[in-house]
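Have a look at the structure below before the remarks.
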Amino acid sequence: MEMNLPAYVGSLIRLLEENGYECYVVGGAIRSFLLHMPVHDYDLTTDAVPEEMKTVFRDYKTIETGLKHGTLTILSEGHPVEITTYRHDSDYSDHRHPEAVTFSKAIEEDCARRDFTVNALCYNPSRGFLDFFGGLDDLETRTIRCIGEADRRFNEDALRILRALRFAAALAFTIDPMTGEALLRNRGLLHFISTERINEELCGFLSARRCASFMQDYQPVFMECIPFCKEVTDEEWKKTLTVIDRTHDPMIRMALILCCCECQEPERTLREMKFRTADIRAIMNLLALQDADISDHTAVRKLLRHLQIPFDDYLSFRKALDPSINDIAARLEYEDVLRRHECWQLRDMAFTGNDAKELGFRGKEISEVLEYLLDQVMEEKIHNRREDLILAAEEYRKKSRS
């Protein structure tokens, strides 16, 4: 079988070979190709050391991505391609990074340091596929298996615990029993990993279609990653997983976990888990509106006033929490609000802060009258016409100052 490489990748391989070096495509690109999935990035590995690569690619724009680890990024026809020198790692003292990196001239030695067999496949157009550790068989049986001793692999880099689960959930693979046992056995090592890296892997995992089943089978791992879940009973955990299985958006799933596990300080928890500010805002908005009325036109319009995320995302969240809600009716009401260009926020109102000033409102009175008028419009007690709003504002001023 041949792997049809894009020209911008093939030209880099040829140039290295013309200068007397080896070069292979390695890692995720091969896995995706063999699984008939889209290939988005190509990583290359070579026996050329960084200084030799710089000479070979002197006519290319290069970026010194990680020279001490042997990585150079080459801009080929507008595409960034990472090329890394064969290497083998020394001992890992912090369960994440090797104490030293030594360059190698043997491709097998380079593959031996990788995490899982399906990530250690190599390809060269003239030599075909190289498979030193049974990765092709594991792709065939859809299995995630550590290279060599699983305990050693997880001790070297504890983040591999979450990577194994993310790959398995995303690819609909199973985890080799010995790898799975080691994964559970070494879960405590996740405390050595930065919160930012755990968050990155966790969010990737939560976007995988089959994440719920793996969260059930490997529950102790997620107790390490999502601390507030440690107090949750087995029954509550099963209910939570049933709920998150009804949607596939990672941020909605995180909101559902916070909701179902009754996290007492969700915003603080999300910040401690290093979620992005925008994601925290979206999740907190979902939690704040989890019980909002969406049963009729006015209710939907009132909801929109406070909603800070796409309406479809909000409906997905509500439908996951309660499959019995009439989301179709709510969506039709939402589309009707848009079609009729109805007023549901201050900027849509035919009365502004300047209008309030002209009527004599000052300071916080301005925001108070604007909010009052918007409520009246939303409840269809007055029309969104400037003359009507002025009259209502004057009446409001009389009552508030009497």
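The values are calculated or read from the model by the stated rules, or taken from the named source; none is laboratory data. On a predicted model such as this, the values are computed, not experimentally measured, just so you know. Ideal geometry is used to build each Cβ from the backbone, glycine not excepted, and the neighbour counts take in all protein chains shown.
Things worth noting here:
- Wholly within the range 1-80, helices (runs of 4 or more DSSP H) carrying at least 1 residues that are farther than 25 Å from residue 128 by Cβ and of a type outside the set (A, V, I, L, M, F, W, C): 50-56
- For the range 262-317, the candidate set comprises residues that are outside any helix (DSSP H, G or I) and of a type in the set (D, E, K, R); within that set, the residue that is surrounded by the fewest Cβ atoms within 10 Å (Cβ to Cβ) is 291.
- Residue satisfying condition, being more than 26 Å from residue 2 (Cβ to Cβ), at pLDDT 95 or above and among the acidic types (Asp, Glu), within set 115, 89, 138, 151: 151
- Pairs linking a residue in the range 218-247 that is in a helix (DSSP H, G or I) to a residue that is basic (Lys, Arg), with Cβ atoms under 8 Å and 6 or more positions apart or on different chains, are 220/187; 221/187; 223/230; 224/187; 244/253.
- Among the residues making up the range 290-317, those that are touching a residue at least 24 places away in the same chain (Cβ under 8 Å) and over 19 Å from residue 335 (Cβ atoms) are 290, 308.
- The range 338-366, residues that are in a helix (DSSP H, G or I) and surrounded by fewer than 17 Cβ atoms within 10 Å (Cβ to Cβ): 338, 339, 346, 347, 348, 353, 354, 357, 358, 364
- In this structure, residue 320 qualifies as surrounded by 18 or more Cβ atoms within 10 Å (Cβ to Cβ), in the same structural domain as residue 251 (by TED's automatic domain parsing) and among the small types (Gly, Ala, Ser).
- Members of the range 21-63 found to be out of contact with any strand residue (DSSP E or B) (no Cβ under 6 Å at 6 or more places or on another chain) and of a type in the set (S, T, N, Q), listed by number: 32, 55
- On inspection, residue 256 passes the criterion of being in a helix (DSSP H, G or I) and touching a residue at least 24 places away in the same chain (Cβ under 8 Å).
- For the residues 362, 339, 331, the requirement of being basic (Lys, Arg) and at pLDDT 95 or above singles out 331.
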